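Here's the structure we're looking at; comments come further down.
The values are calculated or read from the model by the stated rules, or taken from the named source; none is laboratory data. Every value quoted in this text rests on a predicted model; they were computed, and no experiment measured them. Heads up, the Cβs are rebuilt from the backbone with ideal geometry, glycines too, and the neighbour counts pull from every protein chain shown.
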Ligand code: GLU
């Protein structure tokens, strides 16, 4: 099935400043930017610095510098302002609290005193990496029961209905889940009162008029949680394009154990951004060869249906080639991957 995005399109780049941005992040940003701009859309830069004790102060500016280095631009963001700011989640807490109160007044959330180990002990193991489905231990509570609980002793969970949900994903195709059975009631506010990623992202996308969400397909389960929240608040539902991940030769999601793929290393080594952009576009299925390209030059031929549906396996030799593309690469490394993304 081929569907184009409903216009006008508003897309977003949503880095989490929990550390340096790496090659996998760059691939997502490039495709998010292309999907919005190729549809004549606007782009918003939003810093997702909530929901993580791992946030690093230096990482915000570095993410902005990385994105600029890649040749991506945006119409609204923390560095340039705009009508829908602030564009940094920790500065939007009052707004989240207001929407949270509405759910609480409607008894759509309940206080949960379960610890992580309580949940694991009471749950069947779950097939994906999402952790166990919450078994509903505290579901009998109403939102008012918080009055009888010590502050800081509970988090808040969203009460899912038993309805199933499905949507068309521009990257991953038709998706269906029964969120209550497959995922379970989820935390939307932590014990210290901080809103969760799920709540912040939904409210920000709505406030900023985002119509197009492009991100890694490890967030598809979260999409179902977010759609349930969006419906509860009666907010507009964006369209989604979930991308296959970049993985290491061991088949696991690209991480430090696979080597250091920080974008800042490429910058420090004076690698031209066009080399990375061309490589990423090739890795995603947008080009037949990995030669240099600018993000701008990919706009005319961008088409979501060209995107590979399988993950891309990054080999150490790819990274070496990005640093110094001189004769080190074995023949065939840059053939279009056909066998699950692995090079021959
Ligand atoms: N901030 C998230 C990340 O960097 C992205 C979340 C989203 O796109 O919804 O992984």
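What the table shows:
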read-out	value
Per-region count, the range 1-21, residues more than 15 Å from the ligand (Cβ to nearest atom) and either without any contact (Cβ under 8 Å) to a residue 40 or more places away in the chain or surrounded by 23 or more Cβ atoms within 10 Å (Cβ to Cβ) (or both)	2
Check on residue 35, in contact (Cβ under 8 Å) with a residue 12 or more places away in the chain, buried (at least 20 other Cβ atoms within 10 Å of the Cβ) and under 18 Å from residue 285 (Cα atoms)	yes
Residue match in the range 30-38 (condition: at pLDDT 95 or above, within 11 Å of the ligand (Cβ to nearest atom) and within 13 Å of the chain's Cα centre (by Cα))	yes
Residue in the range 239-250 that is exposed (fewer than 15 other Cβ atoms within 10 Å of the Cβ), more than 12 Å from the ligand (Cβ to nearest atom), in contact (Cβ under 8 Å) with a residue 12 or more places away in the chain and under 17 Å from residue 312 (Cα atoms) present	yes
Sole residue being surrounded by fewer than 19 Cβ atoms within 10 Å (Cβ to Cβ), more than 30 Å from residue 310 (Cα to Cα) and in contact (Cβ under 8 Å) with a residue 40 or more places away in the chain, chosen from 193, 152	152
Residue within the range 22-29 that is buried (at least 24 other Cβ atoms within 10 Å of the Cβ), touching a residue at least 24 places away in the same chain (Cβ under 8 Å) and part of a strand (DSSP E or B) present	no
Tally, over the range 182-218, of residues that are under 13 Å from the mean Cα position of the chain (by Cα), near the ligand (Cβ under 10 Å from one of its atoms) and more than 17 Å from residue 158 (Cβ to Cβ)	5
